[in-house]
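The structure appears below as structure tokens.
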Amino acid sequence: MTRARDHEDSPPPGTLEVHPATPDRWNDLERLFGPRGACGGCWCMWWRLTAKQFEQQKGEKNHRAMKRIVQSGEIPGLLAYADGKPVGWCSVAPRGAYPRLDRSRVLKRVDDAPVWSIVCFFVTNAYRRRGVMRRLIAAAIDYARSRGGTILEGYPTEPKGGRSPDLFLFHGVPSAFLEAGFVEVARRSQRRPIMRYVIDQAWAEEVPTLNG
């Protein structure tokens, strides 16, 4: 298992704050993602669309789609700020917001529990390997709890050979989720575990384990 410090080497920024991506913060999300929409015109729409839909609208159409989501008042994720500047993103919402998960052989549902999901991270170059991902995971737990969430899932990627380029860690790394208290509940692929954090302990007995 790769240790978190392998991917977040430097001390975290001193004044890191995390806020929901509300309509008044849309310009900050645009600024963070930049003209490439974080990566390849995605605009964090990958898990919300079918493969065909994504190919048809990546780029500016995804940009407009995410803008509509934010401006509707739906919260598609959390923004991290360092000294008032947007430096990181975490896509977190009830699992139903991400229908592509259920079409995945590897990430299909473990059970019928009403889970929330963390599906993506994006951190600007200057703040990578500085603890921003860990801070966003902790904030996602608090946010899901505040919205009545009972279980939060993550779908990180196990780095190949112990370390992978930052670009391929947009799902997070297992070690960062483990540090936050998540446990692995399923692994249908060598590098893609499903991990869970139980927010409401009333659901603790409902959470499967790898041995159960």
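The values are calculated or read from the model by the stated rules, or taken from the named source; none is laboratory data. On a predicted model such as this, the values are computed, not experimentally measured, just so you know. For neighbour counting, all protein chains shown are included, and Cβ atoms are generated from backbone atoms with ideal geometry for every residue, glycine included.
A single member of Ala204, Ala186 is over 25 Å from Tyr127 (Cβ atoms), out of contact with any Phe, Trp or Tyr (no Cβ under 8 Å at 6 or more places or on another chain) and at pLDDT 95 or above, and it is Ala186. Identify all residues within segment 46-63 that are charged (D, E, K, R) and either in a helix (DSSP H, G or I) or at pLDDT 95 or above (or both); write none if there are none. The answer is Arg48, Lys52, Glu55, Glu60, Lys61.
Kindly establish whether Gly148 is in a loop (DSSP other than H, G, I, E, B) and out of contact with any helix residue (DSSP H, G or I) (no Cβ under 9 Å at 6 or more places or on another chain). Yes, satisfied.
Is there a residue in segment 32-45 that is in a helix (DSSP H, G or I), in contact with a helix residue (DSSP H, G or I) (Cβ under 9 Å, 6 or more places away or on another chain) and free of Cβ contacts under 8 Å to residues at least 12 places away in the same chain? No, there is no match, as no residue in segment 32-45 is in a helix (DSSP H, G or I), in contact with a helix residue (DSSP H, G or I) (Cβ under 9 Å, 6 or more places away or on another chain) and free of Cβ contacts under 8 Å to residues at least 12 places away in the same chain.
Which of the numbered conditions does Gln57 fail, given that it passes all the others? Conditions: (1) out of contact with any Phe, Trp or Tyr (no Cβ under 9 Å at 6 or more places or on another chain); (2) in contact (Cβ under 8 Å) with a residue 40 or more places away in the chain. All conditions pass for Gln57, except number (2).
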